[in-house]
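The values are calculated or read from the model by the stated rules, or taken from the named source; none is laboratory data. Model, not experiment: these values are computed from the prediction. No Cβ is skipped: glycine too gets one built from the backbone with ideal geometry, and neighbour counts run over all protein chains shown. Just so you know, the surface numbers come from the protein's heavy atoms only, side chains and all, with ligands and any DNA or RNA stripped out. Shrake-Rupley method; radii C 1.70, N 1.55, O 1.52, S 1.80 Å.
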There are 2 protein chains.
Amino acid sequence: MKLIQGGITAAKGFKAAGGHIGIKAKRKDLAVVYSETACTYAGAFTQNIVKAAPVHWDKAILEEGHKVHAIVVNSGNANAATGLQGEKDAADTALVMAEAMGIGQKEVLVCSTGVIGVPMPMDTIKKGVPEVAKSLSESFEGGESAAEAIMTTDTVKKTIAIEGKVGDVTFTIGGMGKGAGMIHPNMATLLGFVTTDVNITKEMLQKALGKAINTSFNMITVDGDTSTNDSVLVLANGLAGNPIIDCEGEAFDQFYEALYEVCKYLAVSIVRDGEGATKLLEVQLSGAKNFEEGKCLAKSILTSSLVKTAFFGEDANWGRIFCAMGYSGVHFDPNKVNIKIESTAGVEAMLKAGLPLPFSEEKAKRILEENEITILVEMGEGDTSVTAWGCDLSYDYVKINGDYRS
Amino acid sequence: MKLIQGGITAAKGFKAAGGHIGIKAKRKDLAVVYSETACTYAGAFTQNIVKAAPVHWDKAILEEGHKVHAIVVNSGNANAATGLQGEKDAADTALVMAEAMGIGQKEVLVCSTGVIGVPMPMDTIKKGVPEVAKSLSESFEGGESAAEAIMTTDTVKKTIAIEGKVGDVTFTIGGMGKGAGMIHPNMATLLGFVTTDVNITKEMLQKALGKAINTSFNMITVDGDTSTNDSVLVLANGLAGNPIIDCEGEAFDQFYEALYEVCKYLAVSIVRDGEGATKLLEVQLSGAKNFEEGKCLAKSILTSSLVKTAFFGEDANWGRIFCAMGYSGVHFDPNKVNIKIESTAGVEAMLKAGLPLPFSEEKAKRILEENEITILVEMGEGDTSVTAWGCDLSYDYVKINGDYRS
């Protein structure tokens, strides 16, 4: 398994394009992904009760179970809280792409991200989608252009590609993601798109995706807000030519490892680019009773505004970490807890068996000055380890979100 | 029932004092409250697993069930995550007050607020408590001085007094509170102290407190962080001379109304003074299935960083309100929801039956420019109404909490 250059167009047979069609004032706002070979499709979606129209569209296609050819993604408008008109607009968006490519309407997936509660500008969509589709390309640039077009408050494109082997056969998997705010995924998350040329059944692809998401996208938080539009879509067109993966086993594991790396990379990239974030925070929590409790504790730490502002201020205020664990809802013995902080500048123990340790403020300050900091927590309750990612809370987060609509 | 001047010393027989003893660099850091007549005592405490030592002390006395005479409160140090030494320090703090006043050690309640994980400066406490106790006074100033001494990041003192009647007998109830950050009470909250001269049994006092807290302190949030030290203590010395309230009925209701007003006033004052807050937000949510669901929905709105920053930016981004309801964990039909915003500048409907309404951006802006804004939500699911309070998220919140310890 090795990292290679590329993103959503890295795998054989996948084309992509991005363009500016006029949903946003200036920046690119529409991306399309296409495979001439029909693709097996797996997906995971937000658990927010208020779901955007395109989420309903993509879930319905997943349940119907047939193959797909394309994805249309717009930024600038979430098509959420838009009622029946929104549902129709999502379907019409699929239709216009289908007509442009000569495929079926239900072979097109649709994703949207942006402001909630504003009707989709369908004239713009109907005119823009065929134009952007004209520039579909298998090139690296095609993928980069698409990755740029799905950004909202993101400051960088998020793409990755990996080459792996199932048995003797080489396959490629690539992806792109977006997300910088409203990030606290529950089940799926934000927008993540993964394409691969591996040959795999729908059941095994969905199984691999579900497993990979649990320890990647579902382990990140920027601001504790679960979006109405979170979606991760995986398309597999089989062009790698491997014997089809139709059960668990070595080939499944080999593919899963690559899929997990792609999901984890995209998830961590999203947190690193969290709105206003200056620091990436990783919680490595060991000794939990089980995965759910470990996840709840780790995410409680990373969601605490007080923890996040302390890290922004480079202040070794570990009491806030301990406090956030205490109100997480998980029952534990505080007298067994150890807490350390670590970065490339070193490691410093703060709390041992529930009691504060004398520590060097100077050394703690050096550790906290780094851009990537790990919070090491030992629970002493069981054998489960979990890792979760978050970011600090800065002035810029307030600035970005105090005036996002305009 | 009428509002009168005063606070913790308003009720007959209660004295208070505040002073600077050296826990904090400059500001007052120690308050004492005292009644020569022994007091019936009710309390409610944080449900955080990590509880501060004084919380353990006060809970133990509540369970023992005897009467008390005094409260000692320090600010600047939370005496939390301080282990057995912390428990001993809380007990020693009670002892030094007991010796100064000639009362029993277990007739003294103790509360602390400040930084977590730092040992209490017991030499300072032992020297300082008797000195401050010397200036105990029944005067208005005594109460004001105590209210000032319990402040941490608070910018204003929080005091209230009410005169009411049970039957023909006039009684007085007064209180003081503190809290500006780490405010997301679960069960009890922050520090709230209430004194009354009403004559009431312990059981009825505890019952009234539990009921009052559910719709006051437990309905506020500043930052979603539940503290390790949250405590609300009520002392009743019976000096009003009314026939003892020992069951529910008219007298109980009359007292309860006054207690609720005191609790609500202190709770709302705390949110209004929320760290960095520029606006008080009130959610009035009606049509919920039951109280728990209504509370969960209202607090999900008020805890959302995206909602809070939108109000700071005076941006009518109601989609974030709807989104926060959707991920609250409560199941509801989005197509029944109505949302309006209201202030002294007017009212504007944003969402009706799950669909956006055309609204005047100009009028919305005028509504949002006010300092107190109400978010009106109709669920259409049942008959329960709830009210909850929160505040916006500003640059100053980040500033205050990026460097709280130093």
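Miscellaneous remarks
- Ordering A:R272, B:R320 by accessible surface, largest first, gives A:R272, B:R320; the 1.4 Å probe counts only protein heavy atoms, with every chain in place.
- Taking the longest Cα principal axis of chain A as reference, the axis of helix A:291-303 is set at about 80 degrees.
- The figure for B:K2 is an accessible area of roughly 110 square angstrom, using a 1.4 Å probe on the protein chains alone.
- Between 0 and 90°, nearest 10: helix A:53-64 axis offset from chain A longest Cα axis: 70
- Tail fraction, Cα-Cα pairs, chain A, threshold 27 Å, whole percent: 50
- Label-to-label distance for A:D383 and A:Q85 is 5.8 nm, based on points extended 7 Å past Cα in the beta-carbon direction.
- Exposure check, 1.4 Å probe, all protein chains in place: B:K295 carries approximately 30 Å² of accessible surface.
- Peptide-level mean, for A:352-360, of C-beta atoms on other protein chains within 10 Å: 3
- Treating each Cα of region B:223-343 as one equal point scatterer and applying the Debye formula with no solvent, the log10 of I(q)/I(0) at q = 0.19 Å⁻¹ comes out as -1.15.
- When Rg and Dmax are taken over the Cα atoms of the protein assembly as shown, they come to 29.0, 93 Å.
- The protein assembly as shown, helix-only ellipticity at 222 nm - DSSP H runs n ≥ 4, -39,500 (n - 2.57), divided by all residues, nearest 500: -10500 deg cm²/dmol
- Spin-label zone in region B:255-293 - amide nitrogen under 16 Å from a point set 7 Å from the Cα of B:K211 along the C-beta vector: B:255-264
- Rotation relating B and A, chain A residue nearest the axis via C-beta, angstrom: A:Y395, 3
- Of B:T309, B:T195, B:T93, the one that fluctuates the most in a GNM where chain B has Cα springs shorter than 10 Å: B:T309
- Estimated FRET transfer efficiency (B:N290, A:Q47; beta-carbon r; R0 22 Å; 0.05): 0.50
- Largest-first ordering by accessible area, 1.4 Å probe, given options B:T196, B:T374: B:T374, B:T196
- Choice from A:E144, A:E131, A:E282 showing the highest fluctuation, given a GNM over chain A with Cα pairs closer than 10 Å: A:E131
- The simple Förster model, with R0 at 51 Å and r as the Cβ-Cβ distance, assigns B:N335 and B:T278 a FRET efficiency of 0.90.
- Taking chain A and dividing mean pair separation by its residue count, relative contact order in percent (alpha carbons under 8 Å, at least six apart): 17
- Per-residue shielding of B:315-322, expressed as the average number of other chain Cβ atoms within 10 Å of the residue Cβ, stands at 6.
- With each label modelled as a point 7 angstrom along the Cα→C-beta vector, the A:D396-A:V156 pair spans 1.1 nm.
- Charge dipole (debye, nearest 20) of region A:243-360; +1 at Cβ of Lys and Arg, -1 at Cβ of Asp and Glu: 700
- Between 0 and 90 degrees, the angle of helix B:250-272 with respect to the longest Cα principal axis of chain B falls at about 70 degrees.
- Ordered by 1.4 Å accessible area with all protein chains kept, B:Y395, A:Y260 run largest first as B:Y395, A:Y260.
- Distance between the 7 Å Cα→Cβ label points at B:E361 and B:A345: 1.5 nm.
- Area accessible to solvent at A:K211, 1.4 Å probe radius, in Å²: 100
- Viscosity 1.306 mPa s, 10 °C: Kirkwood-radius Stokes-Einstein D of region B:58-115 over Cα pairs, µm²/s: 136
- Highest-fluctuation residue, B:V330, B:V262, B:V72 considered, GNM on chain B with Cα pairs under 10 Å: B:V330
- Projecting the Cα atoms of B:A345, B:M379, B:Y397 onto the charge dipole of region B:274-400, computed from C-beta unit charges around the Cα centre, puts B:M379 farthest toward the positive end.
- The mean number of Cβ atoms from other chains found within 10 Å of a Cβ in peptide B:301-309 is 6, as a whole number.
- Each copy carries A:E292; placing its label point 7 Å along the C-beta direction from Cα gives inter-copy distances of 1.6 nm, listed from smallest up.
- Dividing the Cα radius of gyration of region B:1-143 by 2.2 N^0.38 Å, with N the residue count, gives 1.01.
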